[in-house]
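Here is the structure we will look at, set down as structure tokens.
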Amino acid sequence: MRGRTHALGYIAVLALALALGLAGGWLGAQIDNYAYDWMFRRRPPSPRPTESALLLVDENTLSRMGGMRRLREILAAGLERIATAAPRAVAVDVTLADASDPQTDARLEQALGRVPNLVLACELVDDGRRWEDPHPRFRRHAAALGHVHADPDPLDNVTRRIPLAKASGRQRRWALALELFRLSRGGAPVIETPDELEVAGVTIPTGRDPLRPMRIRYLPPAGQSLSSVPRATILEIIERPERAAMFRGKAVLVGVSAQSAARDRLMTPFSYGRTMQGIEIHANAFETLARGEFLRDAPLSASLAFALALSCAAGLAFWFLAGWPAYLSGAAIILAAHLLPVWLFARNVVMPYFAPALTAWLSVGGAAAWQYFAVRRRWRQAEADKARYQQAMHFVTHEMRTPLTAIQGSSELMARYNLSEEKRRQIAELIHSESRRMARMIETFLSVERLSSGQMELRREPFEADELVAACVARVRPLAERKNIRVEVEPIEDGALEGDRELMEYAIYNLLTNAVKYSPPDTQVTVSGKRQGSRVRIAVRDQGYGMDREELRHIFTKFYRTRRAEASGEKGTGIGLSIVREIVTQHGGSIEVESEPGKGSCFTVVLPARAANRAAVNGSR
Ligand code: ADP
């Protein structure tokens, strides 16, 4: 039988698994990152021609064109070349905050003025207290300023997203890639809704975070480079001007890629330890916007609901199934926990991987262990039941043999010999009493077995203690009279009870027969009772042989009889009291025993008073 405590314990185990799973998920954020990167690499964005192109100042360009000191001239030369190719928009990821040599600046300014839809880089400085903007002479030519901050994951420094917005005080700037995208699509402003940004008909899911983060869908690596955004170096287009044609109609990102000079070297899910320059990250962010294939984060509530569902499924599987079907379902649940994030990722939804997986493992493990131990407990219980049954069988065969032998012997005597009327009557009486003893034994036995195995229905009928006691006393009187034992009954007031009257009569009758059996002749047995709060007490007191403390500890054990009882010559089986206790506890009551050797015993049955009475008391308030 599955008790309530069993169910509650089971639920507690599952709740613990869920809590640990979620807590572990929080701690296992880096595992979520690994899983994300793995899924990311498995599902690169759909192949489509890129809309952007990179114009890079690489190591070669620097060494051949005069180094970083000449950067502005190098940039000017590059911009002059691509201006002729008519790009759609141009973003320059180089901080041009200060003025330098006037002649150089004039050349750069002129070059900047020649490219359409120019975005210049700005940057938060002084710990985010102010924006460092381009020098006004350059800024004049910019259609927009875009910030160049990435958002590397604090755990592993991999850049999986960029903040589309950054603010210093009131002054907020969009990301360089977003500005470039906006200008390349006609220059309409960015429209903000609580959860999204909208640019030129493209809706970007960002959530409510004021930084408006966007996951970058990096293009897969190509050849030597970490992504397949087309590129050329400034040196290349100067040496081979026809190369500039690749920038026609493109959104061009201009920046420094030389390892020695680039400020920002970042990792991506494709990196495997290699780094990517900021300019290329911006290009990938741009491509993400241009493709409109965004990864959105599953809402927290959905992740929690999934973990809860896994835990419940594990609980139900191991509750209703057993053996291999249960383990198979458990495996399916664990598999589902691992696969759903992958399946969702294929649908551009990012769900934490570790928390549901851990929850599934813990829930399935917890449920399986719990049920395994419950099965073992039940098995042990079954073993104990079997042992008890064998003991009972042994006892019955042993005990039955005595009356049976007597009956057989006596009937044989009657059949074989011509006996006197007196002798014949005596033998008939013996047969009668022995067969009754057997019948009683069988009846008692069946009752105790049925009651303790839960097969016996406990009826719930109202009855009065007074009337119950009277019936029992009437039955026991002939027995008492034979030993000249007086049975005294004190009236019981307010003894309303509820339960199986027949069983209760059996219990009280048993106490009475014991009192008579284990008392010497010419003594008194007193039955009394009273109502005490919500309980009714019925006491059977005798002046009999009594029991010592050690004996009292055993009398409710089946088949136990005291030495005094054996010596008294009274027949008994030693199971009556165990049945009495079973009946009383089934009724929600208890038994108290006081006894002293040679002085007598008092058995008190304490039972809950009838509920109807309690209702009446409540009602009268
Ligand atoms: P039985 O009477 O068939 O032996 P019970 O289970 O009714 O079995 O009682 C168990 C034992 O408890 C008795 O054998 C006897 O030793 C002791 N006992 C029970 N009631 C009394 C009593 N009123 N006075 C003394 N001993 C008692």
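Values quoted throughout were computed directly from the atomic coordinates according to the rules given, and no laboratory measurement underlies them. If you're wondering where the values come from, they're calculated on a predicted model, not measured in any experiment. Note that we place each Cβ from the backbone using ideal geometry, even for glycine, and neighbour counts take in every protein chain shown.
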Descending principal axes extents, the range 52-292, alpha-carbon based, whole Å | 47, 39, 35
Between LYS423 and GLU550, what length comes free when the chain is fully extended (0.36 nm per residue of separation minus the Cα-Cα distance, one decimal in nm)?
-> 41.3 nm
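Using 1/(1 + (r/R0)^6) with R0 = 25 angstrom and r between the beta carbons of VAL593 and GLU443, what's the FRET efficiency to the nearest 0.05? Walk me through the intermediate numbers first.
Numbers: r = 24 Å, r/R0 = 0.98.
My answer for the efficiency is 0.55.
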Averaging 1/r across every pair of distinct alpha carbons in the range 223-364 and inverting yields a Kirkwood hydrodynamic radius, in angstrom, of 19.1 Å
For the range 151-294, how big is the tail of P(r) above 20 Å, as a whole percent of Cα pairs?
-> 51 percent
Compute the long axis of helix 29-42 from its Cα atoms, compare it with the longest principal axis of the Cα atoms of the chain, and write down the angle in degrees, 0 to 90, nearest 10.
-> 60 degrees
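Given 4 °C and 1.567 mPa s, how large is the Stokes-Einstein diffusion coefficient of the chain in µm²/s, with Rh as the Kirkwood radius over Cα pairs?
Numbers: Rh = 33.2 Å.
It diffuses with D of about 39 µm²/s by this estimate.
Can you give the calculated 222 nm mean residue ellipticity of the chain, where each DSSP H run of n ≥ 4 adds -39,500 (n - 2.57) and the sum is split over every residue, rounded to the nearest 500 deg cm²/dmol?
Numbers: 19 runs with 310 residues, N = 621.
Taking each H run of at least 4 residues, the total per residue is -16500 deg cm²/dmol.
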Have a look at the range 299-353 and give its Rg and Dmax from the Cα atoms, expressed in angstrom.
-> 12.6, 38
Once both axes come from the Cα atoms, what is the angle between helix 576-586 and the longest principal axis of the chain, in degrees from 0 to 90, rounded to 10?
-> 40 degrees
Subtracting the Cα-Cα distance from 0.36 nm times the residue separation, let me have the gained length for ASP156 to GLN455 in nm, one decimal.
-> 101.2 nm
Note down the relative contact order for the range 52-292 as a percent, whole number, built from C-alpha pairs under 8 angstrom at least six residues apart.
-> 30 percent
Distance from the Cα centre of the range 559-577 to that of the range 47-118, in angstrom?
-> 111 Å
May I ask you to list the residues of the range 309-350 whose amide nitrogen lies under 17 Å from a point 7 Å from Cα along the Cα→beta-carbon direction of GLU293?
-> 342-350
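Got the relative contact order for the chain handy, in percent, Cα pairs under 8 Å and 6 or more residues apart?
For the chain, the relative contact order is 13 percent.
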Points 7 angstrom from Cα along the Cβ direction at SER63 and CYS312: gap in nanometres?
-> 6.5 nm
How far apart, in nm, are the 7 Å Cα→Cβ label points at HIS338 and LEU27?
-> 2.2 nm
What is the calculated FRET efficiency for ALA471 to ARG436, with r their C-beta to C-beta distance and R₀ = 25 Å, to the nearest 0.05?
-> 0.80
Helix 465-482 axis, angle to the chain major axis (alpha carbon atoms, nearest 10°) | 40 degrees
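Please state the shape class of the range 1-86: rounded when a/c is under 1.5, otherwise prolate if a/b exceeds b/c and oblate if not, all from the C-alpha gyration tensor.
Values: a/c = 6.54, a/b = 3.62, b/c = 1.81.
Verdict is prolate for the range 1-86.
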Options LEU155, THR61, PRO134, ranked by Cα towards positive dipole end of the chain, top entry (Cβ charges) | THR61
Centroid-to-centroid separation of the range 368-382 and the range 301-322 [C-alpha atoms, Å] | 21 Å
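Only Lys, Arg, Asp and Glu count, each charged at its Cβ (+1, +1, -1, -1), so figure out the dipole size of the chain about its Cα centre, rounded to 20 debye.
On the way: 83 positive and 69 negative charges, 154 e Å.
That gives the chain a dipole magnitude of about 740 debye.
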Based on the Kirkwood radius over alpha-carbon pairs, what value in µm²/s does the Stokes-Einstein equation return for the translational diffusion coefficient of the range 508-621 at 25 °C and 0.890 mPa s?
-> 163 µm²/s
Modelled label-to-label distance, ALA415 and ALA86, 7 Å Cα→beta-carbon offset: nm?
-> 12.9 nm
Can you give the FRET efficiency for ALA19 and GLU493, using 1/(1 + (r/R0)^6), R0 = 56 Å, r = Cβ-Cβ distance, to the nearest 0.05?
-> 0.55
Given the candidates ALA387, ALA111, LEU308, the one whose Cα lies deepest towards the positive end of the charge dipole of the chain, counting +1 at each Lys or Arg C-beta and -1 at each Asp or Glu C-beta, is ALA111
Listed residues ALA298, SER52, HIS432: farthest to the positive end of the dipole of the chain (Cβ charges) = SER52
Two decimals is fine: what's Rg over Rh for the range 409-544, C-alpha atoms, Kirkwood radius as Rh?
-> 1.10
